[in-house]
Amino acid sequence: RCVVLRFLKSPPNQNKTSEEILHHLQNIVDFGKHVMKQFFGENYVHHGEIIQLPVDFVRQLCLKIQPERPESRCDKDMDTLSGYAMCLPNLTRLQTYRFVEHRPILCIEIKPKCGFIPFSSHILQEVKHKVCRYCMHQHLKVANGKWKRPSKYCPLDLFSGNKQRMHFALKSLLQEAQNNLKIFKNGELIYGCKDDQDCVSDWNELARHLKPFFFPSNGLVSGPHCTRTIIKELIHVITMTLLSSTDACRAGDMKTVPISQGRSYCEASAFNKELVRNGKHKLESSGLPRGCLLYKTLQAQMLDMLDIEGLYPLYSRVEQYLEEFPEERSTLQIDGPYNEAFYEKLLDLSTEDDGTVAFALTKVSQYRIAMTAKDCSIMIALSPCLQDECSEQRPVVLTSKSRFTFSVSVLDLDLKPYESIPHQHKLDGKIVNYYLKNVQAKDDPVMSSLFKENEDCTLVLHKV
(Lines give C-alpha, C1' and ligand atoms only; values in the text may rest on other atoms or scores of the structure.)
Protein backbone atom coordinates (compact mmCIF):
# COMPACT_ATOMS: atom_id res chain seq x y z
CA ARG A 1 0.00 0.00 0.00
CA CYS A 2 3.08 2.24 -0.01
CA VAL A 3 2.61 3.36 3.58
CA VAL A 4 4.94 3.92 6.51
CA LEU A 5 4.42 2.77 10.10
CA ARG A 6 5.66 5.10 12.80
CA PHE A 7 6.10 3.92 16.41
CA LEU A 8 6.73 5.94 19.54
CA LYS A 9 10.17 5.59 21.12
CA SER A 10 11.11 6.34 24.70
CA PRO A 11 14.18 6.04 26.95
CA PRO A 12 14.61 2.60 28.56
CA ASN A 13 12.65 2.01 31.81
CA GLN A 14 10.22 4.81 30.93
CA ASN A 15 7.44 2.61 29.70
CA LYS A 16 4.15 4.41 29.19
CA THR A 17 0.77 2.74 29.50
CA SER A 18 -1.16 1.89 26.32
CA GLU A 19 -3.60 4.72 27.14
CA GLU A 20 -0.74 7.25 27.42
CA ILE A 21 0.74 6.08 24.11
CA LEU A 22 -2.63 6.31 22.37
CA HIS A 23 -3.15 9.81 23.82
CA HIS A 24 0.34 10.91 22.68
CA LEU A 25 -0.23 9.60 19.13
CA GLN A 26 -3.68 11.22 19.02
CA ASN A 27 -2.07 14.55 19.95
CA ILE A 28 0.43 14.21 17.07
CA VAL A 29 -2.40 13.48 14.58
CA ASP A 30 -4.60 16.32 15.90
CA PHE A 31 -1.73 18.80 15.83
CA GLY A 32 -1.01 17.99 12.16
CA LYS A 33 -4.70 18.06 11.26
CA HIS A 34 -5.95 21.15 13.12
CA VAL A 35 -2.82 23.31 13.37
CA MET A 36 -0.07 22.58 10.84
CA LYS A 37 -2.52 21.98 7.98
CA GLN A 38 -3.77 25.53 8.53
CA PHE A 39 -0.23 26.92 8.19
CA PHE A 40 1.05 24.75 5.34
CA GLY A 41 -2.09 23.73 3.45
CA GLU A 42 -4.05 20.60 2.63
CA ASN A 43 -1.74 19.15 -0.03
CA TYR A 44 1.50 19.56 1.90
CA VAL A 45 0.62 18.02 5.30
CA HIS A 46 -0.13 14.31 5.75
CA HIS A 47 -1.23 13.81 9.36
CA GLY A 48 -1.86 10.07 9.06
CA GLU A 49 -4.09 7.88 11.23
CA ILE A 50 -3.66 5.69 14.32
CA ILE A 51 -3.91 1.93 13.87
CA GLN A 52 -3.59 -1.03 16.21
CA LEU A 53 -1.39 -4.00 15.30
CA PRO A 54 -0.91 -7.46 16.84
CA VAL A 55 1.74 -7.08 19.58
CA ASP A 56 3.54 -10.21 18.37
CA PHE A 57 3.99 -8.66 14.91
CA VAL A 58 5.38 -5.44 16.48
CA ARG A 59 7.93 -7.41 18.55
CA GLN A 60 9.15 -9.33 15.50
CA LEU A 61 9.36 -6.10 13.52
CA CYS A 62 11.38 -4.45 16.31
CA LEU A 63 13.91 -7.31 16.33
CA LYS A 64 14.19 -7.18 12.55
CA ILE A 65 14.89 -3.43 12.33
CA GLN A 66 17.13 -3.09 15.42
CA PRO A 67 20.40 -3.83 13.51
CA GLU A 68 19.43 -1.16 10.92
CA ARG A 69 19.01 1.64 13.47
CA PRO A 70 21.84 4.22 13.65
CA GLU A 71 23.88 4.02 16.84
CA SER A 72 22.97 7.56 17.86
CA ARG A 73 19.25 6.58 17.89
CA CYS A 74 19.64 3.46 20.04
CA ASP A 75 19.39 5.37 23.33
CA LYS A 76 15.60 5.01 22.95
CA ASP A 77 13.50 1.86 22.67
CA MET A 78 10.62 1.32 20.30
CA ASP A 79 7.21 0.83 21.90
CA THR A 80 6.43 -2.88 21.54
CA LEU A 81 3.80 -3.16 24.28
CA SER A 82 0.79 -1.09 23.19
CA GLY A 83 0.47 -2.22 19.57
CA TYR A 84 -0.45 1.35 18.54
CA ALA A 85 1.28 3.00 15.58
CA MET A 86 0.73 5.82 13.13
CA CYS A 87 0.08 4.92 9.52
CA LEU A 88 1.38 7.57 7.10
CA PRO A 89 1.91 7.80 3.33
CA ASN A 90 5.44 6.98 2.14
CA LEU A 91 6.59 10.46 1.13
CA THR A 92 9.52 9.14 -0.91
CA ARG A 93 6.75 8.27 -3.39
CA LEU A 94 4.54 10.58 -5.45
CA GLN A 95 1.54 11.73 -3.43
CA THR A 96 -0.65 12.96 -6.26
CA TYR A 97 -0.90 10.38 -9.02
CA ARG A 98 -1.07 6.74 -8.13
CA PHE A 99 -0.95 5.36 -11.68
CA VAL A 100 2.67 6.38 -12.31
CA GLU A 101 3.87 4.31 -9.34
CA HIS A 102 5.52 1.78 -11.67
CA ARG A 103 7.88 4.52 -12.91
CA PRO A 104 11.24 5.13 -11.17
CA ILE A 105 10.90 7.78 -8.48
CA LEU A 106 13.46 10.20 -7.17
CA CYS A 107 12.93 11.90 -3.81
CA ILE A 108 14.93 14.73 -2.26
CA GLU A 109 14.54 15.43 1.45
CA ILE A 110 15.69 18.85 2.66
CA LYS A 111 15.75 20.13 6.24
CA PRO A 112 15.95 23.86 5.45
CA LYS A 113 16.32 25.12 9.10
CA CYS A 114 15.60 28.73 10.19
CA GLY A 115 15.33 31.09 7.23
CA PHE A 116 15.44 34.52 8.90
CA ILE A 117 17.65 36.64 11.13
CA PRO A 118 15.91 37.46 14.45
CA PHE A 119 14.54 41.01 14.61
CA SER A 120 13.51 41.06 18.29
CA SER A 121 14.46 44.09 20.40
CA HIS A 122 15.03 41.71 23.35
CA ILE A 123 18.29 40.44 21.82
CA LEU A 124 21.34 41.49 23.82
CA GLN A 125 24.12 40.21 21.52
CA GLU A 126 24.32 42.33 18.36
CA VAL A 127 25.83 39.42 16.41
CA LYS A 128 22.41 37.69 16.38
CA HIS A 129 21.08 40.57 14.25
CA LYS A 130 23.80 39.90 11.66
CA VAL A 131 24.64 36.17 11.58
CA CYS A 132 22.01 33.45 11.36
CA ARG A 133 21.63 30.74 13.98
CA TYR A 134 22.54 27.92 11.56
CA CYS A 135 25.87 29.47 10.52
CA MET A 136 26.83 30.12 14.15
CA HIS A 137 25.79 26.63 15.28
CA GLN A 138 27.98 25.01 12.59
CA HIS A 139 31.15 26.12 14.41
CA LEU A 140 30.02 24.69 17.74
CA LYS A 141 29.02 21.39 16.10
CA VAL A 142 32.45 21.04 14.45
CA ALA A 143 34.16 21.89 17.76
CA ASN A 144 32.08 19.21 19.53
CA GLY A 145 33.06 16.64 16.89
CA LYS A 146 29.57 16.19 15.45
CA TRP A 147 30.80 17.13 11.95
CA LYS A 148 34.29 17.30 10.49
CA ARG A 149 33.80 20.49 8.50
CA PRO A 150 31.39 23.43 8.58
CA SER A 151 28.90 23.53 5.72
CA LYS A 152 28.73 26.51 3.35
CA TYR A 153 24.94 26.18 3.35
CA CYS A 154 23.08 29.18 4.77
CA PRO A 155 19.28 28.91 5.12
CA LEU A 156 18.82 32.60 4.27
CA ASP A 157 20.19 31.92 0.79
CA LEU A 158 17.63 29.15 0.23
CA PHE A 159 14.75 31.26 1.57
CA SER A 160 15.80 34.34 -0.44
CA GLY A 161 13.80 33.40 -3.54
CA ASN A 162 16.82 34.60 -5.56
CA LYS A 163 17.70 31.73 -7.93
CA GLN A 164 21.44 32.41 -7.86
CA ARG A 165 21.49 32.29 -4.05
CA MET A 166 19.20 29.25 -3.97
CA HIS A 167 21.46 27.38 -6.41
CA PHE A 168 24.48 28.20 -4.23
CA ALA A 169 22.64 26.98 -1.10
CA LEU A 170 21.60 23.68 -2.74
CA LYS A 171 25.09 23.10 -4.15
CA SER A 172 26.49 23.65 -0.63
CA LEU A 173 23.99 21.14 0.78
CA LEU A 174 25.04 18.59 -1.84
CA GLN A 175 28.70 19.14 -0.94
CA GLU A 176 28.19 18.84 2.82
CA ALA A 177 24.85 17.07 3.34
CA GLN A 178 25.15 16.54 7.12
CA ASN A 179 21.60 15.68 8.17
CA ASN A 180 20.04 18.44 6.05
CA LEU A 181 19.81 16.60 2.73
CA LYS A 182 19.03 13.05 1.62
CA ILE A 183 18.24 11.63 -1.81
CA PHE A 184 16.19 8.46 -2.34
CA LYS A 185 15.70 6.39 -5.48
CA ASN A 186 12.59 4.19 -5.40
CA GLY A 187 12.49 4.62 -1.62
CA GLU A 188 16.15 3.60 -1.06
CA LEU A 189 18.65 6.12 0.34
CA ILE A 190 21.32 6.76 -2.30
CA TYR A 191 22.87 9.98 -0.99
CA GLY A 192 23.24 11.66 2.41
CA CYS A 193 24.33 10.69 5.90
CA LYS A 194 23.01 7.49 7.39
CA ASP A 195 24.25 8.67 10.79
CA ASP A 196 26.07 11.61 12.42
CA GLN A 197 29.41 10.99 10.77
CA ASP A 198 31.73 12.34 8.14
CA CYS A 199 29.77 12.20 4.89
CA VAL A 200 31.73 11.52 1.75
CA SER A 201 29.92 13.35 -1.03
CA ASP A 202 30.60 11.26 -4.09
CA TRP A 203 29.04 13.31 -6.89
CA ASN A 204 30.16 10.85 -9.59
CA GLU A 205 28.28 8.04 -7.85
CA LEU A 206 25.22 10.30 -7.45
CA ALA A 207 25.39 11.33 -11.13
CA ARG A 208 25.43 7.65 -12.13
CA HIS A 209 22.12 7.17 -10.29
CA LEU A 210 20.60 10.37 -11.69
CA LYS A 211 21.66 10.13 -15.34
CA PRO A 212 18.68 7.95 -16.47
CA PHE A 213 16.31 10.55 -14.98
CA PHE A 214 17.85 13.66 -16.56
CA PHE A 215 19.37 12.28 -19.77
CA PRO A 216 17.26 9.20 -20.56
CA SER A 217 18.37 8.66 -24.15
CA ASN A 218 21.45 10.85 -24.35
CA GLY A 219 24.87 9.22 -24.57
CA LEU A 220 26.39 12.08 -22.61
CA VAL A 221 30.08 11.41 -22.11
CA SER A 222 31.07 10.37 -18.63
CA GLY A 223 33.56 12.25 -16.48
CA PRO A 224 33.54 15.48 -14.47
CA HIS A 225 31.73 17.48 -17.17
CA CYS A 226 28.88 14.97 -17.23
CA THR A 227 28.69 14.92 -13.43
CA ARG A 228 28.59 18.73 -13.21
CA THR A 229 25.85 18.91 -15.86
CA ILE A 230 23.67 16.38 -14.04
CA ILE A 231 24.14 18.07 -10.62
CA LYS A 232 23.23 21.39 -12.24
CA GLU A 233 20.01 19.89 -13.64
CA LEU A 234 19.17 18.44 -10.22
CA ILE A 235 19.67 21.82 -8.52
CA HIS A 236 17.49 23.50 -11.17
CA VAL A 237 14.66 20.98 -10.61
CA ILE A 238 14.79 21.32 -6.81
CA THR A 239 14.71 25.13 -7.10
CA MET A 240 11.72 25.12 -9.46
CA THR A 241 9.70 22.70 -7.29
CA LEU A 242 10.48 24.69 -4.11
CA LEU A 243 9.21 27.88 -5.78
CA SER A 244 6.10 26.18 -7.16
CA SER A 245 2.69 26.60 -5.61
CA THR A 246 0.42 23.56 -5.63
CA ASP A 247 -1.96 24.49 -2.85
CA ALA A 248 -4.22 27.22 -1.55
CA CYS A 249 -4.68 27.44 2.21
CA ARG A 250 -5.87 29.71 4.96
CA ALA A 251 -2.30 30.50 5.95
CA GLY A 252 -1.93 32.49 2.75
CA ASP A 253 -4.76 34.73 3.92
CA MET A 254 -3.84 34.95 7.60
CA LYS A 255 -2.24 38.10 8.94
CA THR A 256 1.46 37.50 8.32
CA VAL A 257 4.61 38.68 9.98
CA PRO A 258 6.27 41.15 7.57
CA ILE A 259 9.44 39.48 6.31
CA SER A 260 11.06 42.89 5.85
CA GLN A 261 11.36 43.15 9.64
CA GLY A 262 14.59 41.17 9.51
CA ARG A 263 17.59 41.64 7.23
CA SER A 264 17.54 39.39 4.17
CA TYR A 265 21.11 38.10 4.30
CA CYS A 266 23.55 36.62 6.80
CA GLU A 267 27.03 38.12 7.15
CA ALA A 268 28.58 34.66 7.62
CA SER A 269 27.07 33.22 4.42
CA ALA A 270 29.78 32.06 2.00
CA PHE A 271 27.73 33.59 -0.84
CA ASN A 272 27.64 36.95 0.93
CA LYS A 273 31.39 36.84 1.75
CA GLU A 274 32.14 36.18 -1.92
CA LEU A 275 30.11 39.24 -2.91
CA VAL A 276 31.92 41.41 -0.36
CA ARG A 277 35.29 40.13 -1.63
CA ASN A 278 34.28 41.17 -5.14
CA GLY A 279 33.40 44.65 -3.91
CA LYS A 280 29.62 44.16 -4.08
CA HIS A 281 27.60 44.77 -0.94
CA LYS A 282 24.06 44.49 -2.23
CA LEU A 283 22.41 41.09 -2.02
CA GLU A 284 19.37 40.76 -4.21
CA SER A 285 16.48 39.07 -2.42
CA SER A 286 13.78 38.29 -4.96
CA GLY A 287 11.29 37.21 -2.31
CA LEU A 288 9.31 33.97 -2.32
CA PRO A 289 6.01 33.42 -4.17
CA ARG A 290 3.25 33.53 -1.53
CA GLY A 291 1.86 30.12 -2.35
CA CYS A 292 5.10 28.12 -2.25
CA LEU A 293 6.01 25.85 0.64
CA LEU A 294 9.17 27.82 1.55
CA TYR A 295 7.06 30.96 2.02
CA LYS A 296 4.60 29.14 4.28
CA THR A 297 7.45 27.54 6.24
CA LEU A 298 9.06 30.95 6.76
CA GLN A 299 5.79 32.49 7.94
CA ALA A 300 5.36 29.74 10.53
CA GLN A 301 9.01 30.14 11.63
CA MET A 302 8.51 33.88 12.08
CA LEU A 303 5.93 33.30 14.81
CA ASP A 304 9.10 33.39 16.92
CA MET A 305 8.83 37.17 17.18
CA LEU A 306 10.58 37.66 20.53
CA ASP A 307 13.53 35.28 20.10
CA ILE A 308 14.35 32.87 22.96
CA GLU A 309 15.83 35.84 24.89
CA GLY A 310 12.48 37.64 24.92
CA LEU A 311 10.49 34.45 25.35
CA TYR A 312 12.30 32.91 28.31
CA PRO A 313 10.93 35.39 30.91
CA LEU A 314 7.41 34.65 29.60
CA TYR A 315 8.03 30.90 29.93
CA SER A 316 9.15 31.57 33.54
CA ARG A 317 5.88 33.47 34.13
CA VAL A 318 3.85 30.45 32.97
CA GLU A 319 6.01 28.13 35.09
CA GLN A 320 5.46 30.28 38.19
CA TYR A 321 1.71 30.23 37.60
CA LEU A 322 1.74 26.42 37.20
CA GLU A 323 3.64 26.04 40.46
CA GLU A 324 0.85 27.89 42.25
CA PHE A 325 -2.01 26.30 40.29
CA PRO A 326 -0.83 22.91 38.91
CA GLU A 327 -4.43 21.86 38.24
CA GLU A 328 -4.66 24.63 35.58
CA ARG A 329 -2.21 22.84 33.23
CA SER A 330 -4.95 21.08 31.25
CA THR A 331 -7.10 24.26 31.06
CA LEU A 332 -4.12 26.11 29.54
CA GLN A 333 -3.89 23.42 26.79
CA ILE A 334 -0.11 23.04 27.22
CA ASP A 335 -0.30 19.31 26.46
CA GLY A 336 -3.25 19.50 24.09
CA PRO A 337 -5.89 18.96 22.93
CA TYR A 338 -4.56 20.58 19.75
CA ASN A 339 -7.87 21.62 18.24
CA GLU A 340 -9.40 24.60 16.41
CA ALA A 341 -9.44 26.61 19.66
CA PHE A 342 -5.69 26.06 20.11
CA TYR A 343 -5.09 27.23 16.52
CA GLU A 344 -7.24 30.37 16.94
CA LYS A 345 -5.10 31.54 19.89
CA LEU A 346 -1.98 31.39 17.70
CA LEU A 347 -3.30 34.13 15.41
CA ASP A 348 -2.74 36.90 17.96
CA LEU A 349 0.47 38.53 16.69
CA SER A 350 0.62 41.37 19.26
CA THR A 351 3.95 41.80 21.04
CA GLU A 352 2.68 44.30 23.64
CA ASP A 353 3.07 42.50 26.98
CA ASP A 354 0.13 43.16 29.29
CA GLY A 355 1.69 41.13 32.12
CA THR A 356 -0.90 38.34 31.96
CA VAL A 357 -0.36 34.58 31.91
CA ALA A 358 -2.61 34.41 28.82
CA PHE A 359 -0.22 36.66 26.83
CA ALA A 360 2.81 34.66 28.01
CA LEU A 361 1.18 31.37 27.07
CA THR A 362 0.22 32.59 23.57
CA LYS A 363 3.84 33.62 22.91
CA VAL A 364 5.14 30.29 24.29
CA SER A 365 2.74 28.37 21.99
CA GLN A 366 3.76 30.48 18.98
CA TYR A 367 7.43 29.85 19.79
CA ARG A 368 6.82 26.07 19.90
CA ILE A 369 5.12 26.22 16.48
CA ALA A 370 8.03 28.28 15.11
CA MET A 371 10.55 25.75 16.48
CA THR A 372 8.58 22.95 14.80
CA ALA A 373 8.68 24.82 11.46
CA LYS A 374 12.43 25.47 11.90
CA ASP A 375 13.06 21.73 12.20
CA CYS A 376 10.67 20.30 9.60
CA SER A 377 11.72 18.45 6.42
CA ILE A 378 10.53 19.11 2.88
CA MET A 379 10.09 16.05 0.63
CA ILE A 380 10.18 16.52 -3.15
CA ALA A 381 9.15 13.40 -5.11
CA LEU A 382 9.85 13.40 -8.87
CA SER A 383 8.79 10.92 -11.53
CA PRO A 384 9.59 11.16 -15.27
CA CYS A 385 6.51 11.76 -17.40
CA LEU A 386 5.94 11.58 -21.13
CA GLN A 387 4.78 14.65 -23.01
CA ASP A 388 1.33 13.29 -23.86
CA GLU A 389 0.72 12.35 -20.19
CA CYS A 390 1.42 15.77 -18.79
CA SER A 391 -2.03 17.28 -18.61
CA GLU A 392 -2.69 20.70 -17.14
CA GLN A 393 -4.04 19.31 -13.87
CA ARG A 394 -0.63 17.98 -12.88
CA PRO A 395 2.35 20.02 -11.71
CA VAL A 396 5.24 19.48 -14.11
CA VAL A 397 8.84 20.69 -14.07
CA LEU A 398 10.96 20.71 -17.22
CA THR A 399 14.70 20.13 -17.65
CA SER A 400 16.77 20.33 -20.82
CA LYS A 401 16.11 16.70 -21.82
CA SER A 402 13.25 15.47 -19.65
CA ARG A 403 10.10 16.41 -17.74
CA PHE A 404 8.89 15.37 -14.31
CA THR A 405 5.62 15.28 -12.52
CA PHE A 406 6.19 16.05 -8.84
CA SER A 407 4.71 16.34 -5.38
CA VAL A 408 6.00 18.43 -2.47
CA SER A 409 5.21 17.47 1.14
CA VAL A 410 6.28 18.51 4.60
CA LEU A 411 7.41 16.08 7.28
CA ASP A 412 8.53 16.07 10.97
CA LEU A 413 5.73 18.28 12.23
CA ASP A 414 5.50 17.09 15.85
CA LEU A 415 5.02 20.03 18.20
CA LYS A 416 8.25 20.85 20.08
CA PRO A 417 7.84 20.06 23.79
CA TYR A 418 7.03 22.85 26.23
CA GLU A 419 9.72 21.38 28.53
CA SER A 420 12.48 21.93 25.93
CA ILE A 421 12.41 25.75 26.28
CA PRO A 422 15.06 25.96 29.09
CA HIS A 423 17.34 23.72 26.98
CA GLN A 424 16.84 26.03 23.96
CA HIS A 425 17.70 29.05 26.10
CA LYS A 426 20.92 27.45 27.35
CA LEU A 427 21.90 26.19 23.87
CA ASP A 428 21.34 29.64 22.36
CA GLY A 429 23.79 31.14 24.86
CA LYS A 430 26.38 28.43 24.12
CA ILE A 431 26.12 28.91 20.34
CA VAL A 432 26.47 32.70 20.50
CA ASN A 433 29.29 32.70 23.08
CA TYR A 434 31.30 30.10 21.17
CA TYR A 435 30.89 32.06 17.94
CA LEU A 436 31.93 35.37 19.54
CA LYS A 437 35.02 33.94 21.24
CA ASN A 438 36.28 31.56 18.59
CA VAL A 439 35.08 32.87 15.25
CA GLN A 440 34.25 36.55 15.32
CA ALA A 441 37.19 37.41 17.59
CA LYS A 442 39.59 35.68 15.16
CA ASP A 443 38.06 37.48 12.17
CA ASP A 444 38.60 40.83 13.84
CA PRO A 445 42.29 41.34 14.82
CA VAL A 446 41.43 44.31 17.06
CA MET A 447 38.79 42.26 18.85
CA SER A 448 41.01 39.21 19.20
CA SER A 449 43.63 41.14 21.16
CA LEU A 450 40.95 42.68 23.38
CA PHE A 451 38.75 39.65 23.82
CA LYS A 452 39.82 37.96 27.04
CA GLU A 453 37.39 35.70 28.82
CA ASN A 454 36.03 36.97 32.16
CA GLU A 455 38.59 39.78 32.35
CA ASP A 456 37.76 43.27 33.53
CA CYS A 457 38.55 45.97 31.02
CA THR A 458 39.84 49.37 32.16
CA LEU A 459 39.57 52.42 29.97
CA VAL A 460 42.66 54.59 30.38
CA LEU A 461 42.36 58.26 29.42
CA HIS A 462 45.56 60.15 28.47
CA LYS A 463 45.85 63.90 28.28
CA VAL A 464 46.32 65.07 24.71
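The values are calculated or read from the model by the stated rules, or taken from the named source; none is laboratory data. Since the model is a prediction, treat every value here as computed from it, not as a measurement. As a convention, Cβ positions derive from the backbone with ideal geometry for all residues, glycine included, and neighbour counts pool all protein chains shown. In case anyone asks, the SASA skips ligands and DNA or RNA and just uses the protein heavy atoms, side chains included. Shrake-Rupley method; radii C 1.70, N 1.55, O 1.52, S 1.80 Å.
Tabulated results
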{"read-out": "Test: residue in the range 327-338 that is closer than 27 Å to Cys114 by Cα, among the hydroxyl-bearing types (Ser, Thr, Tyr) and not in a helix (DSSP H, G or I)", "value": "yes"}
{"read-out": "Where a residue in the range 236-250 is modelled with pLDDT of 80 or more and open to solvent by 60 Å² or more (accessible area, probe 1.4 Å) and its partner, wherever it lies, is outside any helix (DSSP H, G or I) and hydroxyl-bearing (Ser, Thr, Tyr), with Cβ under 7 Å and at least six apart", "value": "His236/Thr399"}
{"read-out": "Residue match in the range 48-69 (condition: part of a loop (DSSP other than H, G, I, E, B), surrounded by fewer than 21 Cβ atoms within 10 Å (Cβ to Cβ) and touching a residue at least 60 places away in the same chain (Cβ under 8 Å))", "value": "no"}
{"read-out": "Residue under evaluation Val127, criteria (1) of a type outside the set (Phe, Trp, Tyr); (2) over 19 Å from the mean Cα position of the chain (by Cα); (3) part of a loop (DSSP other than H, G, I, E, B), criterion not met", "value": "(3)"}
{"read-out": "Members of the range 274-329 that are open to solvent by 60 Å² or more (accessible area, probe 1.4 Å) and closer than 25 Å to Phe39 by Cα", "value": "Ser286, Arg290, Tyr312"}
{"read-out": "Count of the range 334-350 residues which are under 25 Å from the mean Cα position of the chain (by Cα) and either under 18 Å from Leu311 (Cα atoms) or among the β-branched types (Val, Ile, Thr) (or both)", "value": "6"}
{"read-out": "Failed criterion for Lys374 (all others in (1) touching a Phe, Trp or Tyr at 6+ places or on another chain (Cβ under 8 Å); (2) touching a residue at least 24 places away in the same chain (Cβ under 8 Å) hold)", "value": "(1)"}
{"read-out": "Candidate set from the range 180-197 (those that are among the basic types (Lys, Arg) and part of a strand (DSSP E or B)); member that is surrounded by the fewest Cβ atoms within 10 Å (Cβ to Cβ)", "value": "Lys185"}
{"read-out": "Hits in the range 1-16 (condition: in contact (Cβ under 8 Å) with a residue 24 or more places away in the chain and out of contact with any Lys or Arg (no Cβ under 9 Å at 6 or more places or on another chain))", "value": "Val3, Val4, Leu5, Arg6, Phe7, Asn15, Lys16"}
{"read-out": "Condition check for Val131: open to solvent by less than 30 Å² (accessible area, probe 1.4 Å) and either closer than 30 Å to Glu49 by Cα or at pLDDT 90 or above (or both)", "value": "yes"}
{"read-out": "Residues that are hydrophobic (A, V, I, L, M, F, W, C), in a loop (DSSP other than H, G, I, E, B) and at pLDDT below 85, drawn from the range 88-106", "value": "Leu94"}
{"read-out": "The range 166-179, residues that are crowded, with 20+ Cβ neighbours inside 10 Å and either assigned by the TED database to the domain that holds Arg73 or under 17 Å from Thr241 (Cβ atoms) (or both)", "value": "Met166, Ala169, Leu170, Leu173, Leu174"}
{"read-out": "Restricting the range 16-47 to residues that are touching a strand residue (DSSP E or B) at 6+ places or on another chain (Cβ under 7 Å) and assigned to a loop (DSSP other than H, G, I, E, B), the residue that is surrounded by the most Cβ atoms within 10 Å (Cβ to Cβ)", "value": "Tyr44"}
{"read-out": "Residue within the range 82-105 that is closer than 30 Å to Ile308 by Cβ and among the small types (Gly, Ala, Ser) present", "value": "no"}
{"read-out": "Residue in the range 371-391 that is assigned to a helix (DSSP H, G or I), among the β-branched types (Val, Ile, Thr) and open to solvent by 30 Å² or more (accessible area, probe 1.4 Å) present", "value": "no"}
{"read-out": "Looking only at the range 422-449, and only at residues there that are more than 14 Å from Glu126 (Cα to Cα) and acidic (Asp, Glu), the one that is modelled with the lowest pLDDT", "value": "Asp444"}
{"read-out": "Residue that is most open to solvent (accessible area, probe 1.4 Å), among those in the range 137-160 that are of a type in the set (D, E, K, R) and not in a helix (DSSP H, G or I)", "value": "Lys148"}
